[in-house]
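Chemist: Pasting a structure below so you can have a look.
Every read-out reported here was derived from the displayed coordinates using simple, explicitly stated rules and does not represent laboratory data. Bear in mind the structure is a predicted one, so any value in this text is a computation, not a measurement. Neighbour counts are summed over all protein chains in view; Cβ atoms, including those assigned to glycine, are modelled from backbone coordinates with ideal geometry.
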Amino acid sequence: MTLDDILLEAEEKMMKTEQVVVHEFAGVRTGKASAGLIENIQVEVYGSMMRIRELANINTPEPRTLVVQPWDAASIQAIEKAIQKANIGLSPAVQGKLIRLSFPELSTERRLEFVKLIKKLAEDGRVAVRHVRRDAMDLFKKHAHDSGITEDDKKQAEKDLQKLTDDFIAKIDAHIVHKEKEIMTV
């Protein structure tokens, strides 16, 4: 394995970490309706666990309303129960063959709780990026002795890895700023 291979693998893992953070941010409530908030809620139906997005169509007809339309009307009660159990601060209202979720205005206190939550999610992402860096550094040390890589090449690869780490941490920080602004906007 060359130093470039190790760097590419590290970059790939850091990219995936950033995507996970962005995906987790989508599940944090802002003032407006977002399918990302409920699409991954697990529902016990047909004797197994499935996500809402696998069982129903999710629409946002209005900025503060989500409509969940199950493909099988028999699963409507299970979906309603799962949304209630998810404890996301929404009360599902069954209307015939669909479930309507209305998003109330968030209090400042609740908004600040959500900001705290995204900062924790982002910190978890930064820690994961640093773990990728550490693993790559270990690989550099392990392979530096095997394949006759010069000390200069190893040092340059370590600098490149550090720059990659800094870049991905900066990207995660930019996502925090954007999401915080979205949450705090009334």
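Chemist: Given the Cα-Cα distance of residue 174 and residue 77 and 0.36 nm per residue of separation, how much length would full extension add, in nm?
Modeler: 31.0 nm
Chemist: Another one. On full extension of the chain, what length is gained from residue 54 through residue 150, given 0.36 nm per residue of separation minus the C-alpha to C-alpha distance?
Modeler: 29.3 nm
Chemist: Here's something else I'd like to know. Kindly identify segment 35-102 as rounded, prolate or oblate by the Cα gyration tensor criterion: order the square roots of the eigenvalues as a ≥ b ≥ c, call it rounded if a/c is under 1.5, otherwise compare a/b with b/c, prolate if a/b is larger, else oblate.
Modeler: prolate
Chemist: Would you mind checking the tilt of helix 76-85 against the longest principal axis of the Cα atoms of the chain, expressed as 0 to 90 degrees and rounded to 10?
Modeler: With rounding to tens, the tilt is 60 degrees.
Chemist: Size of the dipole of the chain about the Cα centre, Lys and Arg at +1 and Asp and Glu at -1 on the beta carbon, nothing else charged, in debye to 20?
Modeler: With only Lys, Arg, Asp and Glu charged at Cβ, the dipole is about 900 debye.
Chemist: A follow-up question, please. Using the charge dipole of the chain (Lys, Arg: +1 at Cβ; Asp, Glu: -1 at Cβ; taken about the Cα centre), state which of 60, 140, 170 has its Cα farthest towards the positive end.
Modeler: Selected residue: 60.
Chemist: Output the pairs from 119/163; 13/97; 142/171; 85/179; 97/120 with a Cα-Cα distance over 32 Å in this structure; if there are none, say none.
Modeler: 13/97; 97/120
Chemist: Counting alpha carbon pairs within less than 8 Å and at least 6 residues apart, what relative contact order, in whole percent, applies to the chain?
Modeler: Computed value for the chain: 28 percent relative contact order.
Chemist: Can you give the three extents of the C-alpha atoms in the chain along their principal axes, from longest to shortest, in whole Å?
Modeler: For the chain, the Cα extents along the three principal axes come out at 71, 40, 23 Å.
Chemist: For residue 163 and residue 95, what is the calculated FRET efficiency with R₀ set at 45 Å and r taken between the beta-carbons, to the nearest 0.05?
Modeler: With R0 = 45 Å, the Cβ-Cβ based efficiency is 0.25.
Chemist: Okay, next question. Using a Förster distance of 30 Å, how high is the FRET efficiency between residue 42 and residue 16, based on the Cβ-Cβ distance and rounded to 0.05?
Modeler: 0.85
Chemist: Take the alpha carbon atoms of segment 1-64, find their center, do the same for segment 70-91, and report the distance between the two centers in whole angstrom.
Modeler: Distance between centres, Cα-based: 19 Å.
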